[in-house]
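Novice: Take a look at the following structure, please.
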Amino acid sequence: MSGAATPALETRGLTAGYLRDEPVVRDISFSLARGSMTALIGPNGAGKSTLIKAMLGLVPFVAAERIAFLGTDLATARDRVAYIPQRSQIDWNFPASALDIVEMGLYPSLGLFRRVRRETREKAREALATVGLADAARTQIGELSGGQQQRVLVARALAQDAELFILDEPFANIDAFTETSLAEVLRGLRNRGRTILAVHHDLRSVRTHFDDAILLSHTIVAQGAVTQVMTDATLAQAYGFHAEGHAGTHA
Amino acid sequence: MTASAIGANTLGVLAGCMLFGALAGAVGTFVLARRRALVADVAGHAALPGVALAFLAGEALGLGGRTPWLLLLGGAATALLAAWCVPALSRLRRIGPDGATAVVLAGFFGLGAVLFSIVQGHPAGSQGGLRTLLFGSAAAMGRAEVVALLALATATLALLILFLRGLTVVAFDEDFARSAGLPVRGLDLLLTLLLVATVVAGMQMAGIVLVVAMLITPAAAARNLGGRIGRVTAIAAIVGAATAAAGVLASRAIAGVPTGAAMTLAATAAFLVTVPYAHFARGARA
Amino acid sequence: MNAALAVDLPALAAALLATIACGTLGNWLVLRKESMTGDAIAHAVLPGLVAGFLVTGTRSVTAMFIGAAVAGAAAVMLSTLLRRVTRLEAGAALGLVFTAFFALGVLLLESQGARQIDLDPECVLFGSLETLFYAAPKEAPWYTGVPAEVWTLAGAAALAVGFSVVFGKELASLAFDPAHARLAGTAPRLVERMLLAVVSAGIVASFAAVGSVLVLALLVCPALIAAPHARSVRGQILLSVVVGGLLATSGYLVAAHADQILGSRTALNSAGMIATLLALAVPCSHLVRAAINRRSA
């Protein structure tokens, strides 16, 4: 297996959408170094979620020269890639406890026929403790707060012991406390060499949470270190003139 | 065949079925646009308990079990009740629209099955009963049935034409309709009324189980051909009328084939013809 | 054996086994929000069933089973294909395909099969639980008198339970978060296809005995009755089968003995009675839950 030299995620010339003749994102090329922490930003409808779903093969029409996960294709790397969907895409009335959901991250390692054993459950408990939910293991997921639900999904990815974490809007609609603790968990992962890519919508907090950024508006407007990406010019190009005030307060 | 050979009643049946087909195609266009296809399925099945109750009431009142207007009224009442139950039930936690649709359909049709068995056991029910209502039978329609169908279908079509513009705006751009101050909820209620009236008008001919096909399939065929909403509605009405007539004629030609099954298959054939068009027309644009 | 028992026991056994088969599998459909797929399959199996009869010319259980399962699975796949090609919404595509299949089945039944097959369109809808009875054999062992439908249903119930136990964790993971399971899960596509096949098989087995109305009711209602009270998927399945079984038994007994209980002239359609009770129990179960929550709050 190749070491840190190969990028954690690399894509070249990706075009994708839900209808064959109407691509949402066009000609996307970028690569993420191992151990980096990147925000995918851009205005509403810019295709942020579509882009990450397209790389993961969850969008009907995808064309690309190259999409590589951890130096190989998704089929080979799938158990080392964790996808954390938007919280709103999940039916939280599902009959399950927080621990049940985190255990689902361990199913791939069990294969089709092995059952959940005590050591599996212990691993799941550890992952829950890492996100600060040790006490909520037996709580129904429907009774958790929004922030707690988000942390359960992150714990599921932790249990999976992935190397690349792809998150869709992890900081959407959660309280300030959860935002801080979630950011801490993600930074901890990065410090242990994991790679993080997160769709993010709040321009004000990009700097506090992330090192790098990709600014998207159907195509890539800018990419690199957060400070380079978030300039008046690039934001104006991506958001139109409304965002100038936004950028001004931070530039 | 000449008009005198097939007789005035057959002409009436043919006129009735074409009017119903046109109505179902036109209303179906809006039903598909508002994503109500399965509500139409529920409405069809849910007419059964109402029809059976109406039969028993007709017998008890001495009007006769198969009094057309009473059957239509009964069927419409339970179909409307079911259409109201679906959104009410889907608001309950852990049910959702999909589960609610299935529960309401199963419950109303189950109750219909029970009442149907009472009708079949009734002395008056054992002769004709409501058997022909399940899969439809144009042959079993008498003069009174044809008149009732023509009256209801004409009234429904008139209502549709009267509110055509509002229904169009809501069906194809709900946000604009809201911002323009149109009563979206009221228009949706009107669409439910039109849907139920269409289902009930067609149930003698197409049968309560398959009547939904006449709301879905001709409209889906018209959508495949594309174009603006007015054009789609008109094509759906023409396809509906033509396939309904084909169904009635086919079920007369082949003994024992229920009209509803023949109509459904005719409409499906029309739909299949349009599928390559939808595919290639879009391919050419891409 | 007592005459009343010879009539009631096989019918009750059929109703209970159908509850286990459909009730168990229905939980997966409900959790996946695919309840109406069950309705579509219940209608779409008819032409396959009739074709099975016509091709072999006998009431061969195998032929009817294969024909119906193929038709059920084909209808679901066709509706998926239609959505891609024509941009119809899911419900409309499903409705279009299953009405066409069902109409074809009715056509085959009425034009070809009526004389060869003792299956009439009314039975297809409302079932024929009332006609199942135990004919005590004179010399052969006792079990040879049990109607074939009951054996088929027992097989379907065993298949449904076995499948849900063996693939429970994959099925739960797919139902909770399909995107995650499709990425990380073990053979997610295979498991989804197997679910479709097993649901089709369960529906086919139940269809001839209990009819399409009751099949739909048994697929969705027990799961939705259990849903507000369940804290785990396994708990929901267990509760749904137990409550479904109780309601099916009482529904059958009320319908079959309506002449004594309700003073009606004839026995009532038992499949319809069970379906009505099951559907009524869904909102009742939610009201009970709401009341419990209010008291504990």
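The values are calculated or read from the model by the stated rules, or taken from the named source; none is laboratory data. Note that this is a predicted model, so its numbers are computed, not measured. Backbone-built Cβ (ideal geometry, glycine too); neighbour counts: all protein chains shown.
Novice: What single numbered condition from (1) more than 18 Å from the chain's Cα centre (by Cα); (2) within 15 Å of B:GLY28 (Cα to Cα); (3) at the interface with chain C (Cβ under 10 Å from one of its Cβ atoms); (4) among the β-branched types (Val, Ile, Thr) fails to hold for B:ILE118?
Specialist: B:ILE118 satisfies all of (1) more than 18 Å from the chain's Cα centre (by Cα); (2) within 15 Å of B:GLY28 (Cα to Cα); (3) at the interface with chain C (Cβ under 10 Å from one of its Cβ atoms); (4) among the β-branched types (Val, Ile, Thr) except (2).
Novice: So, in region B:141-158, of the ones that are hydrophobic (A, V, I, L, M, F, W, C) and buried (at least 16 other Cβ atoms within 10 Å of the Cβ), which residue ends up modelled with the lowest pLDDT? Before you say what the answer is, go through the steps one by one.
Specialist: From region B:141-158, those hydrophobic (A, V, I, L, M, F, W, C) are B:141, B:144, B:146-153, B:155, B:157-158; that's our starting set.
In the following step, the residues that additionally are buried (at least 16 other Cβ atoms within 10 Å of the Cβ) were identified as B:141, B:146, B:148-150, B:152-153, B:157.
Numbers: B:MET141: 82, B:VAL146: 87, B:ALA148: 87, B:LEU149: 88, B:LEU150: 90, B:LEU152: 91, B:ALA153: 91, B:LEU157: 92.
Per the criteria, the residue is B:MET141.
Novice: Looking only at region C:150-195, count every residue that is under 25 Å from C:PRO10 (Cβ atoms) and either polar (S, T, N, Q) or modelled with pLDDT under 85 (or both) and tell me the total.
Specialist: To start, the set of residues in region C:150-195 that are under 25 Å from C:PRO10 (Cβ atoms) comprises C:150-162.
Next cut, either polar (S, T, N, Q) or modelled with pLDDT under 85 (or both) only: C:152.
Residues in region C:150-195 being under 25 Å from C:PRO10 (Cβ atoms) and either polar (S, T, N, Q) or modelled with pLDDT under 85 (or both): 1 in total.
Novice: Hey, another quick one. Right, C:GLY245: touching a residue at least 40 places away in the same chain (Cβ under 8 Å), under 25 Å from C:LEU125 (Cβ atoms) and within 14 Å of chain B (Cβ to nearest Cβ) or not?
Specialist: Working: touching a residue at least 40 places away in the same chain (Cβ under 8 Å): yes; under 25 Å from C:LEU125 (Cβ atoms): yes; within 14 Å of chain B (Cβ to nearest Cβ): no.
So C:GLY245 fails the test.
Novice: Sticking with this structure for a sec: Counting only residues that are of a type outside the set (A, V, I, L, M, F, W, C), surrounded by fewer than 16 Cβ atoms within 10 Å (Cβ to Cβ) and outside any loop (DSSP other than H, G, I, E, B), which one in region C:128-154 is nearest to the chain's Cα centre (by Cα)? Write out each step before concluding.
Specialist: Looking only at region C:128-154, we keep the residues that are of a type outside the set (A, V, I, L, M, F, W, C), and these are C:128, C:130-131, C:134, C:137-139, C:141, C:143-145, C:147, C:149, C:152.
Then keep just the ones that are surrounded by fewer than 16 Cβ atoms within 10 Å (Cβ to Cβ); that gives C:131, C:137-139, C:141, C:143-144.
Then drop every residue that is not outside any loop (DSSP other than H, G, I, E, B), which leaves C:131, C:143-144.
Details: C:THR131: 18, C:TYR143: 24, C:THR144: 25 Å.
Applying the filter and picking the extreme gives C:THR131.
Novice: Against the definition (over 21 Å from B:ARG34 (Cβ atoms), without any contact (Cβ under 8 Å) to a residue 40 or more places away in the chain and buried (at least 20 other Cβ atoms within 10 Å of the Cβ)), how does B:GLY110 come out, yes or no? Please lay out each step first, then the result.
Specialist: Details: over 21 Å from B:ARG34 (Cβ atoms): yes; without any contact (Cβ under 8 Å) to a residue 40 or more places away in the chain: yes; buried (at least 20 other Cβ atoms within 10 Å of the Cβ): yes.
Here the answer is yes, as B:GLY110 does meet what is asked.
Novice: Taking strands (runs of 3 or more DSSP E) that fall entirely within region A:1-94, which contain at least 1 residues that are out of contact with any helix residue (DSSP H, G or I) (no Cβ under 8 Å at 6 or more places or on another chain)?
Specialist: Working: elements: A:9-17, A:25-32, A:37-41, A:61-63, A:66-69, A:81-84.
Answer list for region A:1-94: A:9-17, A:25-32, A:37-41, A:61-63, A:66-69.
Novice: Scan region B:162-174 and tell me whether some residue there is outside any helix (DSSP H, G or I) and surrounded by fewer than 18 Cβ atoms within 10 Å (Cβ to Cβ).
Specialist: As a first pass, look at region B:162-174 and keep what is outside any helix (DSSP H, G or I): B:163, B:173.
Next cut, surrounded by fewer than 18 Cβ atoms within 10 Å (Cβ to Cβ) only: B:163, B:173.
The answer is yes, given that some residue of region B:162-174 is outside any helix (DSSP H, G or I) and surrounded by fewer than 18 Cβ atoms within 10 Å (Cβ to Cβ).
Novice: Something else: So which pairs qualify, if the first residue must be in region B:267-286 and modelled with pLDDT under 90, the second must be among the polar types (S, T, N, Q), the Cβ gap must be under 6 Å, and the two must be at least 6 apart or on different chains?
Specialist: B:TYR277/B:ASN224; B:ALA278/B:ASN224; B:ALA278/C:THR86
Novice: If I ask for residues that are farther than 19 Å from C:GLU192 by Cα, among the aliphatic types (A, V, I, L, M) and more than 7 Å from chain B (Cβ to nearest Cβ), which ones from region C:83-108 would you list?
Specialist: C:ALA93, C:VAL97, C:LEU108 - these are the residues of region C:83-108 that are farther than 19 Å from C:GLU192 by Cα, among the aliphatic types (A, V, I, L, M) and more than 7 Å from chain B (Cβ to nearest Cβ).
Novice: Further question: Return the residues of region B:247-264 that are within 13 Å of another protein chain (Cβ to nearest Cβ), within 19 Å of B:GLN204 (Cβ to Cβ) and not in a loop (DSSP other than H, G, I, E, B); say none if nothing qualifies. I'd like the intermediate steps shown before the answer.
Specialist: Taking region B:247-264 first, the residues within 13 Å of another protein chain (Cβ to nearest Cβ) are B:247, B:250-251, B:253-264.
If we keep only those that are within 19 Å of B:GLN204 (Cβ to Cβ) too, we end up with B:247, B:250-251, B:256-264.
The answer is B:GLY247, B:ALA250, B:SER251, B:THR259, B:GLY260, B:ALA261, B:ALA262, B:MET263, B:THR264.
Novice: Return yes when C:VAL198 is among the hydrophobic types (A, V, I, L, M, F, W, C), touching a residue at least 40 places away in the same chain (Cβ under 8 Å) and in contact with a Ser or Thr (Cβ under 6 Å, 6 or more places away or on another chain) and no when it is not.
Specialist: Values: among the hydrophobic types (A, V, I, L, M, F, W, C): yes; touching a residue at least 40 places away in the same chain (Cβ under 8 Å): yes; in contact with a Ser or Thr (Cβ under 6 Å, 6 or more places away or on another chain): no.
Answer is no for this residue.
Novice: Restricting attention to region A:117-136, which residues are surrounded by 17 or more Cβ atoms within 10 Å (Cβ to Cβ) and among the small types (Gly, Ala, Ser)?
Specialist: Of everything in region A:117-136, those that are surrounded by 17 or more Cβ atoms within 10 Å (Cβ to Cβ) and among the small types (Gly, Ala, Ser) turn out to be A:ALA124, A:ALA127, A:GLY132, A:ALA136.
Novice: Cβ contacts < 6 Å: first residue on the phi > 0 side of the Ramachandran plot, restricted to region B:52-80; second residue of a type in the set (Gly, Ala, Ser), any location; separation 6+ or different chain. Result?
Specialist: B:GLY64/B:GLY58
Novice: I've got another one for you. If I go through region C:249-287 residue by residue, how many of them are closer than 23 Å to C:SER35 by Cα, surrounded by 13 or more Cβ atoms within 10 Å (Cβ to Cβ) and free of Cβ contacts under 8 Å to residues at least 12 places away in the same chain?
Specialist: 2
Novice: Grab the strands (runs of 3 or more DSSP E) fully contained in region A:194-233, keeping just those with 3 or more residues being under 17 Å from the mean Cα position of the chain (by Cα).
Specialist: Values: elements: A:195-199, A:212-217, A:219-225.
In region A:194-233, the matching strands (runs of 3 or more DSSP E) lie at A:195-199, A:212-217.
Novice: A follow-up question, please. In region B:176-185, is there at least one residue being more than 22 Å from B:ALA236 (Cα to Cα), surrounded by 19 or more Cβ atoms within 10 Å (Cβ to Cβ) and more than 9 Å from chain C (Cβ to nearest Cβ)?
Specialist: Of region B:176-185, the ones more than 22 Å from B:ALA236 (Cα to Cα) are B:176-185.
If we keep only those that are surrounded by 19 or more Cβ atoms within 10 Å (Cβ to Cβ) too, we end up with B:177.
From what is left, the residues that are more than 9 Å from chain C (Cβ to nearest Cβ) are B:177.
Checked region B:176-185: at least one residue is more than 22 Å from B:ALA236 (Cα to Cα), surrounded by 19 or more Cβ atoms within 10 Å (Cβ to Cβ) and more than 9 Å from chain C (Cβ to nearest Cβ).
Novice: So for region C:199-222 (the condition being over 20 Å from the mean Cα position of the chain (by Cα) and facing another protein chain (nearest Cβ under 7 Å)), does at least one residue qualify?
Specialist: Step one: filter region C:199-222 for residues over 20 Å from the mean Cα position of the chain (by Cα), giving none.
Checked region C:199-222: no residue is over 20 Å from the mean Cα position of the chain (by Cα) and facing another protein chain (nearest Cβ under 7 Å).
Novice: Can you find even one residue in region B:197-212 that is more than 15 Å from the chain's Cα centre (by Cα) and either acidic (Asp, Glu) or surrounded by 21 or more Cβ atoms within 10 Å (Cβ to Cβ) (or both)? Can you show your working first?
Specialist: Here is the first cut: in region B:197-212, the residues more than 15 Å from the chain's Cα centre (by Cα) are none.
Scanning region B:197-212 turns up no residue that is more than 15 Å from the chain's Cα centre (by Cα) and either acidic (Asp, Glu) or surrounded by 21 or more Cβ atoms within 10 Å (Cβ to Cβ) (or both).
Novice: For region A:44-65, which positions are more than 10 Å from chain C (Cβ to nearest Cβ) and either over 21 Å from A:ILE196 (Cβ atoms) or free of Cβ contacts under 8 Å to residues at least 12 places away in the same chain (or both)? Steps first, answer last, please.
Specialist: Applying the first criterion (more than 10 Å from chain C (Cβ to nearest Cβ)) to region A:44-65 yields A:44-52, A:54-55, A:59, A:61-65.
Passing the criteria: A:ASN44, A:GLY45, A:VAL59, A:PHE61, A:VAL62, A:ALA63, A:ALA64, A:GLU65.
Novice: Any idea which of A:THR195, A:THR180 is among the polar types (S, T, N, Q) and buried (at least 21 other Cβ atoms within 10 Å of the Cβ)? First the steps, then the outcome.
Specialist: On the way: A:THR180 fails: buried (at least 21 other Cβ atoms within 10 Å of the Cβ).
Being among the polar types (S, T, N, Q) and buried (at least 21 other Cβ atoms within 10 Å of the Cβ) holds for just one of A:THR195, A:THR180, which is A:THR195.
Novice: Quick test for you: out of A:GLY146, A:GLY132, pick the one residue that is on the phi > 0 side of the Ramachandran plot and either touching a Lys or Arg at 6+ places or on another chain (Cβ under 6 Å) or more than 13 Å from chain C (Cβ to nearest Cβ) (or both). Working first, answer last.
Specialist: On the way: A:GLY146 fails: on the phi > 0 side of the Ramachandran plot.
That would be A:GLY132, the only listed residue that is on the phi > 0 side of the Ramachandran plot and either touching a Lys or Arg at 6+ places or on another chain (Cβ under 6 Å) or more than 13 Å from chain C (Cβ to nearest Cβ) (or both).
Novice: Which residue out of B:ILE229, B:ILE238 is surrounded by fewer than 24 Cβ atoms within 10 Å (Cβ to Cβ) and at pLDDT 95 or above? Lay out the reasoning, then the answer.
Specialist: Numbers: B:ILE229 fails: at pLDDT 95 or above.
Checking each option against the conditions leaves just B:ILE238.
Novice: What number of residues within region A:96-116 satisfy the criterion of being at positive phi and surrounded by 19 or more Cβ atoms within 10 Å (Cβ to Cβ)? Explain how you work it out, then say what you get.
Specialist: Residues of region A:96-116 at positive phi: A:111.
Restricting the remaining residues to those that are surrounded by 19 or more Cβ atoms within 10 Å (Cβ to Cβ) gives none.
Of the residues in region A:96-116, 0 are at positive phi and surrounded by 19 or more Cβ atoms within 10 Å (Cβ to Cβ).
Novice: Would it be correct to say that C:ALA201 is surrounded by 18 or more Cβ atoms within 10 Å (Cβ to Cβ) and in a helix (DSSP H, G or I)?
Specialist: On the way: surrounded by 18 or more Cβ atoms within 10 Å (Cβ to Cβ): yes; in a helix (DSSP H, G or I): yes.
For C:ALA201, the condition - surrounded by 18 or more Cβ atoms within 10 Å (Cβ to Cβ) and in a helix (DSSP H, G or I) - is met.
Novice: Sticking with this structure for a sec: Going through C:ALA11, C:ALA21 one at a time, which residue ends up being more than 14 Å from chain B (Cβ to nearest Cβ), aliphatic (A, V, I, L, M) and within 13 Å of the chain's Cα centre (by Cα)? Don't jump to the end; show me each part of the working.
Specialist: Working: C:ALA11 fails: within 13 Å of the chain's Cα centre (by Cα).
Among C:ALA11, C:ALA21, only C:ALA21 is more than 14 Å from chain B (Cβ to nearest Cβ), aliphatic (A, V, I, L, M) and within 13 Å of the chain's Cα centre (by Cα).
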